[in-house]
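Worksheet: the structure to be examined is printed underneath.
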Amino acid sequence: MNNFSYTQASSAKEATASRAGTAQSAYIAGGTTLLDLMKANLEEHAQLVDINLLPFKGIEQTADGLRIGAMERMSDVGEHPLVVQNYPAVSESLLLAASPQLRNMASIGGNMLQRTRCGYFRDAAFPCNKRVPGSGCPAIAGDNHNLAILGVSDACIATAYPGDLAVALAAFDAVLTLENAKGKQRRVPVTEFYVLPGRTPQRETVLEPGELIVAVTIPNTAHARRSTYLKVRERTSYAYALASAAVGLDVQGGTIRSARVALGGVGTKPWRSPEAEKVLTGAPATEATFRAAAAAALRGAQPHDDNRYKVELAQNTLVQALLAVSS
Amino acid sequence: MDTEPKFFETNPTAGVVGKPLNRVDGRDKVMGRAKYAAEYNNLPGLAHAVIKTSDVAKGRITGFDTTAAMKQPGVLAILTYQNIPKLAKTPNDADGKKAIGAPMGYLPLTDDQIHYAGQPVAVVVADTLERAQYAAALLKVQVAADKPIASYEDPKAQLFDPEKIQDGKADGHVKRGDAQAAFAAAPVQLTHKYTHAINHHSPMEPGATTAHWEAPDRLTIYESTQGVTRTQKSVSTMLGLSAEQVRVVTKYLGGGFGCKGSAWPHTILTVQAAKAVGRPVKLALTRPQMFTGMGHREDQTQTLRLGATKDGKLTALIHEKTSTTSPWDNYAESNSKIINMLYECPTFEASYQLARANVMTSTFTRAPGEAPGSFAIESSMDDLAYQLGIDPIEIRLRNYAEKDPTNGHPWSSKSLKQCYARGAELFGWSKRNPKNGATRDGRLLVGWGMATASYPVHNSQGTARARLYADGHAVVQSGATDLGTGTYTVMTQVACDALGLPMDKVRFELGDTKLPTAPNSGGSVAAGTVSSSVYMAVQDLWQKLIKVAVLDKKSPLYRAKIADVEAKAGRLQLKSDPKKGEGFADLMKRADMSDVEGNGQGRYGSGYEDAQAAANADQSKKDEAAHHSMHSFGAHFCEVKVDPDLGTVRVTRWVSVHGAGRILNAKTARSQIIGGSIFGIGAALMEGTVRDQHFSRYTNASLADYHIPVNADIPEMTVEFIDEHDPHINAMGVKGIGEISMVGVSAAVANAVFHATGKRVRELPLTPEKILGAKAV
Ligand SMILES: Cc1cc2nc3c(=O)[nH]c(=O)nc-3n(C[C@H](O)[C@H](O)[C@H](O)COP(=O)(O)OP(=O)(O)OC[C@H]3O[C@@H](n4cnc5c(N)ncnc54)[C@H](O)[C@@H]3O)c2cc1C
Ligand code: SF4
């Protein structure tokens, strides 16, 4: 890890201003992603701006839905009664993530910006297009058992966001509030926040340099109230998903009125599936429908040698999640 | 005639031995007072060293750019093969390797060659750890890289048949009868292939060394090792010093599992660094370095052919193993040993194939050979049972070995039948539905599996010293190691019973080459050998006091024959008339003795005239020398629930029953069995280090990505021991349980998965991918 200077900011203005002065600078929230990367010399920052004192706090009902401050901790949000009641999939995605210690430190804003677990990215001895653009992608012909099968490119097949929360947020049309150095705020849906790797896998989100995540707002909907997050891994806890599904259904009289589906662990970004939702909407809430939806969701899959199993696993995960919310 | 006393003769009813006492070192550990190798921070001028490792797996170092690194404040030295202080001997030639007892036939920083990814190429020393780390990051190593070979699966790898494996300790070919002919003639034939992923020991405490040159020719190292004596020998030989000039201290160890059984490169590099900078130096491996710094369980494929009669009697076993080894050493776990001895079978053949690859040498990993070997034989026995419609326990009973099939020797003791019976009772095995895939819990498939466990009692010997004070306190010492498993505690218990003193009056000290020599804590020998040494040391002390008593006119034992006097519960008395005698304190006060000291030797096969011969014998001759085969036996029972759609396997019930001689502490013993079973469940369901086949470098060298079980993976576990009185094994009748606890575990899990799903998976670990991909038979 390199030497760096450390500043504590108490307002968004102070944070963006102090960062503007230094080219190589990063915000630090819980530090659970950032410090790991710095210790492994995967990221170097000359300056860290601590944003833990920023007033990006609160979990409250607004006209647009539930607004969660970016500095809220994963554990607090996951256990919050409003989240548990109205967004079970969001609560589960948080409480099935990482470990209690990490969840107590990790912020919602930082969670959005966690980095891939691709083993080649995580070890500077390997080439990696995401870390060193143009150096190559050894995962394609190498160990890709935990990498993506949807949204992949010739340059990168990593699940750039390996976590859980953003998958649930993508499913339920959550919107991020961002604020730039000029104090200007904009709203970006989570589904548009992440970008596909294409030929520039180093670019993962639309966040501009210096821009802050202020909050996330999740609309209050019937399908979010009847939702679940199913996470599959060979270790029962403290592991990333091999595949996961965030689903919500609004079923009336056996017919699905509206549906939300997003997959984790299989896409190069949190994978909302309009294809699956289309199959589900207006159809009877039966296993046959769910299987058809799962097939639609994975139709475009491009697996590699080690992660071929994810095509079946992701479909089964989605079916099981849908069965769970429909019963 | 053997005159060595035995514990159950002098202590027909044990006092504290066997009791489930808490760890005597527990309080110091939770208070942070227990000092580990990297915690000797008060040494004057202590500096910090960091190892810089190679990115590539094969190549040649063409230069170093140290400019930026040397400019960093606090940097004291950058050591490379060009400037590191020279050694008297290295393991780079066969003689040197043998003399040093090195785990690896190559020591980094001896030349410009790179043989494996993660190989140390430089040591950076600075006044703080952070400065050393950053300077190491700035140090540039120029390398001419070559294309590496990654494993035996590499198409370019050349396979060869070694004559010997494991530094010559085991044979590369084993033959008993004509197994090929017997297999060809067998009415039932099974041929199956089993693969095992690379496993890493991953102890909580990494490898760490603190080296302090107290004088130019006197070195003390605080080391994270399973054996201070072996480390002393390795380090002193490399330095060209007498063993006496090197002191090794290991007061506490945060786990070892075999990876701390030898002195790996970082130890001597730290010693050399301390020499170079003229200050004490401390070095701890990072977690990623733990994946390339202290060995691993090798990647391997086994093919097991099993011939049997229609009623399930084995007639032939043929085992072949192919595995990866390093450029220098013929290391392979000897899987065939357990396959050869576990069941009555008239013929047996085993062979090993190795491929050299650009990896470091693999090493002993908890139950080396027995763990993966038992996976093969115990999965195949389950198949045989299923194919013939025989209950898995019944098939094992039909092949029960009443004598050691490998040499015809009687067992010193064997309670395997009782283990099966008691395990089955505790588990409820009789209610098992013989059909596969027929039991459900909601959506989940439920399966029950079992497997046999066995582990040999290796021959070894050790020594201990006991000093009893007239005021009723005692200090007992042996240079053994406590891996965190309870050695401090059980040795205190043994000393207490032997001395007739309560726990708070006896202190046991270990982990220092200044103390009497003890064997490495490995191969499950520590409990048996060290406890016997402690017991014998106390007997020696009693003999000295008895001699004083019979010469003391004021003693009630005056003029008694020494052989007629015994020590019981701290009292010296006539065997024929126990009322005639006195306590040691009275005698010692009268004789003006402040203390009395005894020395003892604990050894293998103590029930014999030629106990010393047995303890010294070559591994392959030890049973002969002792006239008995000595093994622990046990059985594991496992229930799994398998999600048929998601392929996830969860262990939901566990029962282990073992017969392992005398159990010294019911609580720490239970913990050993639980720990080993969890270790095995990890290997069965999730552990596997992935080596990229192009780069020969690991892609998951971290504990976030190399998964070991967490609490949520482990159910309540039931552990029981069968009472065994083994008069042959050693003075304490203790067999050791560190390794048997994981033997058979992965097979028990795989057999349960087979029962649950009808799917037989022979590739460890059994991940969802493999469960989903397999077809039910
Ligand atoms: C071993 C391990 C296991 C894990 N397992 C899981 C898992 O199973 N599921 C899961 O979802 N996650 C998992 N995580 C990831 C974890 O959730 C993230 O590390 C955490 O959410 C990051 O939050 P933080 O506050 O610590 O972020 P930091 O580490 O402080 O920051 C991360 C990045 O975000 C930037 N940043 C932080 N806050 C803001 C903001 N408000 N505005 C702009 N930029 C910001 C920082 O500059 C930095 O680049 C795991 C992590 C570890 C280490
Ligand atoms: S998959 Fe992406 S992150 Fe992984 S090595 Fe390739 S480019 Fe790098």
message: Could you work out the relative contact order of the range A:222-326? I mean the mean sequence separation of Cα pairs under 8 Å and 6+ apart, divided by the number of residues, in percent.
response: 28
- request: Indicate the gyration tensor shape class of the protein assembly as shown (rounded, prolate or oblate), computed on the Cα atoms with a ≥ b ≥ c the square roots of the eigenvalues: a/c under 1.5 is rounded; otherwise a/b larger than b/c is prolate and the rest oblate.
  value: prolate
message: Counting only other chains, and only Cβ atoms inside 10 Å, what mean value do you get across the residues of B:129-137?
response: 2
Placed amide H near B:LYS164: partners under 5 Å, 5+ positions off or other chain: B:GLY172
query: What does the charge dipole of the protein assembly as shown about its Cα centre add up to, to the nearest 20 debye, if the Cβ of each Lys and Arg holds +1 and the Cβ of each Asp and Glu holds -1?
result: 880
message: In the range B:492-506, whose amide N lies under 18 Å from the spot 7 Å out along Cα-to-Cβ of B:ALA14? List them in ranges.
response: B:492-504
field: Gaussian network model of chain A, springs between alpha carbon atoms under 10 Å - residue of A:VAL216, A:VAL232, A:VAL90 with greatest fluctuation
entry: A:VAL232
- prompt: Among B:46-55, B:506-515, what's the highest-first ranking by average C-beta atoms within 10 angstrom per residue?
  reply: B:46-55, B:506-515
- prompt: Just A:LEU212, A:LEU113, A:LEU53 to compare: in a GNM of chain A, with alpha carbon springs under 10 Å, which one fluctuates most?
  reply: A:LEU53
field: Check: the range A:5-50 dipole with +1 on Lys, Arg Cβ and -1 on Asp, Glu Cβ, in debye
entry: 100
message: Can you find, among A:ILE28, A:SER5, A:THR16, the residue sitting farthest towards the positive end of the charge dipole of the range A:5-50, where Lys and Arg contribute +1 and Asp and Glu -1 at Cβ?
response: A:THR16
message: Could you order the peptides B:673-682, A:55-64 from most to least packed, using the average number of other C-beta atoms within 10 Å per residue?
response: B:673-682, A:55-64
- line: Per-residue average of other protein chain Cβ atoms inside 10 Å, peptide B:691-699 -> 6
task: Give, rounded to the nearest 20 debye, the magnitude of the charge dipole that the range B:365-515 has about its Cα centre when Lys and Arg contribute +1 at Cβ and Asp and Glu contribute -1 at Cβ.
output: 240
- prompt: How far is the Cα center of the range A:228-295 from the Cα center of the range B:697-744, in Å?
  reply: 40
- request: Quick one: check the C-alpha center-to-center distance for the range B:570-594 versus the range B:143-183, whole angstrom.
  value: 62
task: Calculate the spin-label point distance for B:SER594 paired with A:ARG291, positioning each point 7 Å from the Cα along the beta-carbon direction, and give it in nanometres.
output: 8.7
- request: Enter the mean number of other protein chain beta carbons within 10 Å of the beta carbon of each residue in A:142-154, as an integer.
  value: 2
task: With 18 Å as the limit, write out which pairs from B:LYS233/B:LYS260; B:LYS169/B:LYS337; B:LYS251/B:LYS282; B:LYS97/B:LYS164; B:LYS175/B:LYS337; B:LYS313/B:LYS621 have Cα-Cα distances beyond it, or answer none.
output: B:LYS313/B:LYS621
- prompt: With the contact rule set at Cα under 8 Å and sequence spacing of 6 or more, what percent relative contact order holds for the range A:5-50?
  reply: 55
query: Considering only protein heavy atoms, what is the solvent-accessible area of B:LYS313 at a probe of 1.4 Å, reported in Å² to the nearest 10?
result: 70
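Please list B:381-391, B:400-410, A:311-321 highest first by mean number of surrounding beta-carbon atoms within 10 Å per residue.
By packing density, highest mean first, the sequence is A:311-321, B:381-391, B:400-410.
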Choice from A:ALA222, A:ALA40, A:ALA12 showing the highest fluctuation, given a GNM over chain A with Cα pairs closer than 10 Å: A:ALA40
field: Sequence-distant lysines (8 or more away, or on other chains) whose Cα lies within less than 29 Å of A:LYS278
entry: A:LYS231, A:LYS269, A:LYS310
statement: Given backbone amide H placed at 1.01 Å from N, residues whose amide H is under 5 Å from that of B:ALA34, ignoring those fewer than 5 places away on the same chain, are B:LYS29
task: May I ask for the distance between the Cα centers of the range B:57-99 and the range B:453-473, given as a whole number of Å?
output: 41
field: Top positive-direction residue, dipole computed over the range A:222-326 with Cβ charges, set A:LEU323, A:VAL232, A:ALA262
entry: A:ALA262
18 Å Cα-Cα reach of B:LYS553 towards lysines, excluding residues that sit fewer than 8 places from it in its own chain: B:LYS544, B:LYS561, B:LYS579, B:LYS580, B:LYS589
- request: Using the heavy atoms of the protein chains and a 1.4 angstrom probe, tell me the accessible area per residue for the protein assembly as shown in square angstrom.
  value: 36
- prompt: Amide H neighbours of B:GLY59 under 5 Å, counting only residues 5+ apart in sequence or on other chains, H built in-plane at 1.01 Å?
  reply: B:ILE114, B:ASP146
task: Round to the nearest 0.05 the FRET efficiency obtained for A:ASN104 and A:GLU14 when R0 = 25 Å and r is the Cβ-Cβ distance.
output: 0.45
task: At 7 Å along the Cα-to-beta-carbon direction for both A:GLU192 and B:LYS431, put a label point, then send me their distance in nm to one decimal.
output: 5.9
- line: Probe 1.4 Å, all chains present, heavy atoms only: B:TYR331 accessible area in Å², nearest 10, is 20
query: How many nm separate the modelled label positions at B:MET31 and A:SER327, each set 7 Å beyond the Cα in the direction of the Cβ?
result: 5.4
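List the accessible area buried at the contact between B and A, summed over both sides and calculated with a 1.4 Å probe, in Å² to the nearest 100.
Working: alone 29050 and 13780 Å², together 40090 Å².
Heavy-atom accessible area buried at this interface is about 2700 Å².
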query: What is chain B's relative contact order, in percent, from Cα pairs under 8 angstrom and six or more apart in sequence?
result: 17
- prompt: Looking at B:ALA308, B:VAL525, B:GLY45, which one has the Cα that reaches farthest to the positive end of the dipole of chain B (charges on Cβ: Lys, Arg +1; Asp, Glu -1)?
  reply: B:GLY45
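The values are calculated or read from the model by the stated rules, or taken from the named source; none is laboratory data. A quick note: this is a predicted structure, and the numbers were derived from the prediction, not measured. Don't worry about glycine lacking a Cβ; one is built from the backbone with ideal geometry, like all the others, and counts go over all protein chains shown. Accessible surface areas use protein heavy atoms only, side chains included; no ligands, DNA or RNA. Shrake-Rupley method; radii C 1.70, N 1.55, O 1.52, S 1.80 Å.
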